[in-house]
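The values are calculated or read from the model by the stated rules, or taken from the named source; none is laboratory data. All figures in this text were calculated on a predicted structure; none of them were measured in a lab. Every residue, glycine among them, receives a Cβ derived from its backbone with ideal geometry; neighbour counts consider all protein chains shown. We work out accessible area using only protein heavy atoms, side chains counted, and drop any ligands, DNA or RNA first. Shrake-Rupley method; radii C 1.70, N 1.55, O 1.52, S 1.80 Å.
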Amino acid sequence: MRILTGIQPSGTPHLGNYFGAMRQVCDLQAKGESFLFIADYHALTVNPDPEALRRNIVNLALDFIACGVDLDRTLFFRQSAIPQVCELSWILSTYTPMGLLERAHSYKDKLARGFDANAGLFTYPVLMAADILLYRSNLVPVGKDQKQHLEITRDIAIKFNNRFGDVLTIPEGYIPDNVAVVPGTDGQKMSKSYDNIIPIFGSEKEIKGKVMSIVTDCKGLAEPKDPDSCNVFKIYSLVAEPEEVEQMRRNYLGGNYGYGHAKKALFEKLWTKFEGMRARRAELAADIPAVESKLAEHAERAREEAEKTLAVVRAAVGLR
Ligand code: ADP
Ligand code: TRP
């Protein structure tokens, strides 16, 4: 089984990225052949500052390896190191109905938030389909927000295969329910774009500040509280052991347990959970050229896989 996912180098990685994508990748890498890439072509759709993009790419590589990507098991590379993905994207785009892209939430949401509608933003799902199909992926771990993109990928692949036979591998999404949407400090989906994140590798002060700013209702200390509607509890459930989560549930329901207590417990859990990863990241950051040469070596191997798929696709459509 081949597992693949990509993540955009668009800012500081946060708990949503960790539970929605990074941890899945790390857990799944033992179960099959894994591919992981830094989606730098996708990042261009919001026209970032070039220096910031370069910095984010390197940082993301460090973050992922520190979080447990095993370079002996997983091919880890930059999307743009294999420009063949653009060729596949072009070919697929000619078999993609306009309506499929016009219905994409990501495009509609970005427009609503005032981004310029460049053509890349509109065809973003086709490039994503190319990422997935180029490496003949079976399973794609992502957060719930990417579900529609996976459906678009499947639609494109099925349509292509209907015309040309069994050329493309039809992928499945892997979207575990309990981590589908990690809430941010304001209760919306945690996202770099909403300024509501808790970073994985922030300083103690920064993480504490973010945890303390999580929005709760205004029940007083003595009152019993509802764990299931509380964002502090939701995030705590992701990082604590089941018996600790049960204890916190009892504390909420019993009263005389304030949100300040819960936030303190959450901060402590977060700080210790990521301790080893912070140390590993600092080691990696001391030798960035070594990390970059690993990525280049992995890209070389990914390119061979890409070429195999492209050869079949080119032949199928009549280019060879
Ligand atoms: P952001 O929304 O912060 O820009 P990305 O779109 O770069 O995050 O997402 C990278 C990966 O992390 C994707 O697989 C996405 O589904 C996952 N992800 C992002 N935010 C969350 C969240 N709040 N909960 C669960 N998964 C998330
Ligand atoms: N669109 C994804 C996101 O913003 C990133 C991505 C690009 C991706 N290509 C992919 C994820 C292929 C999974 C598979 O999160």
Fill in the blank from the handout: Picked from segment 146-165 (must be within 16 Å of ligand 1 (Cβ to nearest atom) and of a type in the set (D, E, K, R)), the residue nearest to Ile7 (Cα to Cα) is Lys147
Practice task
Look through Leu121, Leu168 and report the one residue that is crowded, with 16+ Cβ neighbours inside 10 Å, more than 10 Å from ligand 2 (Cβ to nearest atom) and at pLDDT below 95.
Solution key: Leu121
Exercise for the section: Return yes or no: is Gln29 out of contact with any Phe, Trp or Tyr (no Cβ under 6 Å at 6 or more places or on another chain) and either without any contact (Cβ under 8 Å) to a residue 40 or more places away in the chain or within 13 Å of ligand 1 (Cβ to nearest atom) (or both)? Expected result: no
Fill in the blank from the handout: Only one of (1) under 24 Å from His149 (Cα atoms); (2) touching a residue at least 12 places away in the same chain (Cβ under 8 Å); (3) out of contact with any Ser or Thr (no Cβ under 6 Å at 6 or more places or on another chain); (4) of a type outside the set (Lys, Arg) does not apply to Ala119, and that is (2)
Exercise for the section: Return the residue satisfying two criteria in turn: it lies in segment 24-79 and is polar (S, T, N, Q) and within 12 Å of His298 (Cα to Cα), and of such residues it is nearest to ligand 2 (Cβ to nearest atom). Expected result: Gln79
Exercise for the section: Identify all residues within segment 275-306 that are acidic (Asp, Glu), under 20 Å from Val85 (Cα atoms) and open to solvent by 70 Å² or more (accessible area, probe 1.4 Å); write none if there are none. Expected result: Glu297, Glu300, Glu304
Practice task
Within segment 254-271, identify whether any single residue is more than 30 Å from Gly220 (Cβ to Cβ), free of Cβ contacts under 8 Å to residues at least 24 places away in the same chain and part of a helix (DSSP H, G or I), and answer yes or no.
Solution key: no
Fill in the blank from the handout: The residue that is farthest from ligand 1 (Cβ to nearest atom), considering only those in segment 179-200 that are open to solvent by 50 Å² or more (accessible area, probe 1.4 Å) and in contact (Cβ under 8 Å) with a residue 12 or more places away in the chain, is Asp186
Exercise for the section: Please state which of the following conditions Lys147 fails to meet, knowing it meets all the rest: (1) within 19 Å of Leu100 (Cα to Cα); (2) at pLDDT 95 or above; (3) open to solvent by 10 Å² or more (accessible area, probe 1.4 Å). Expected result: (2)
Fill in the blank from the handout: If we keep only residues of segment 26-60 that are among the aliphatic types (A, V, I, L, M) and farther than 18 Å from Lys192 by Cβ, then the residue surrounded by the fewest Cβ atoms within 10 Å (Cβ to Cβ) is Ala30
Exercise for the section: Restrict the check to segment 310-318 and report whether at least one residue is assigned to a helix (DSSP H, G or I), of a type in the set (A, V, I, L, M), closer than 26 Å to Tyr135 by Cβ and open to solvent by 70 Å² or more (accessible area, probe 1.4 Å). Expected result: yes
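Taking the stated definitions as given, is Gly209 more than 17 Å from Gln8 (Cα to Cα) and at pLDDT 95 or above?
yes
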Problem - Output for segment 82-100, where each listed residue is open to solvent by less than 40 Å² (accessible area, probe 1.4 Å), touching a residue at least 12 places away in the same chain (Cβ under 8 Å), part of a helix (DSSP H, G or I) and more than 14 Å from ligand 2 (Cβ to nearest atom) - result: Gln84, Ile91, Ser93, Leu100
Exercise for the section: Report yes if some residue within segment 64-81 is in a helix (DSSP H, G or I), over 13 Å from the mean Cα position of the chain (by Cα), surrounded by fewer than 21 Cβ atoms within 10 Å (Cβ to Cβ) and among the hydroxyl-bearing types (Ser, Thr, Tyr); otherwise report no. Expected result: yes
Practice task
Spot the failing condition for Asn138; the list is (1) touching a helix residue (DSSP H, G or I) at 6+ places or on another chain (Cβ under 7 Å); (2) touching a residue at least 12 places away in the same chain (Cβ under 8 Å), and only one is missed.
Solution key: (1)
